[in-house]
Amino acid sequence: MAEETIFSKIIRREIPATILFQDDLVTAFRDISPQAPTHILIIPNKVIPTVNDVTAEDEQMLGHLFTVARKLAKEEGIAEDGYRLIVNCNKHGGQEVFHLHMHLVGGEPLSTMLVKAK
């Protein structure tokens, strides 16, 4: 069993977060350090540390992450102009919380996709 994360506590509503969507599979909430006018994290309710830990049984939930992203982008008014979906994997990929999550970022023109760490 994967270790609990800060996201686990958000899912259970033990710590405050602006939750925009929650069902049996995923939870979505506003990032506390937004990188754009819209910055939402969409996470599986099941703790999966990284993309490397995904299994075939997770496929339905992973597809659901995308349909929830589409729904939220529309609700946020950024679907037509465009947005970015980002999933980081491990330290070199920029992952900071080891609970798989998708960033939904938009609301303004975004910079180039790849930026090297300093």
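Descriptive notes on the structure:
Listed here are the residues, each with its yes/no results for (1) crowded, with 18+ Cβ neighbours inside 10 Å; (2) closer than 17 Å to I6 by Cα; (3) at pLDDT below 95; (4) under 16 Å from the mean Cα position of the chain (by Cα).
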| site | (1), (2), (3), (4) |
| --- | --- |
| I32 | no, yes, no, yes |
| V47 | yes, yes, no, yes |
| M61 | no, no, no, yes |
| A79 | no, no, no, no |
| R84 | no, no, no, yes |
| V97 | no, yes, no, yes |
| L100 | yes, yes, no, yes |
| G106 | yes, no, no, yes |
| P109 | no, no, yes, no |
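- The sole residue among D81, D31, D58 that is acidic (D, E), more than 19 Å from L110 (Cβ to Cβ) and in contact with a strand residue (DSSP E or B) (Cβ under 8 Å, 6 or more places away or on another chain) is D58.
- Residue match in region 31-40 (condition: touching a residue at least 60 places away in the same chain (Cβ under 8 Å), under 16 Å from A69 (Cα atoms) and hydroxyl-bearing (S, T, Y)): yes
The values are calculated or read from the model by the stated rules, or taken from the named source; none is laboratory data. What you see is a predicted model, and the numbers here were worked out from it, not measured in a lab. Note that we place each Cβ from the backbone using ideal geometry, even for glycine, and neighbour counts take in every protein chain shown.
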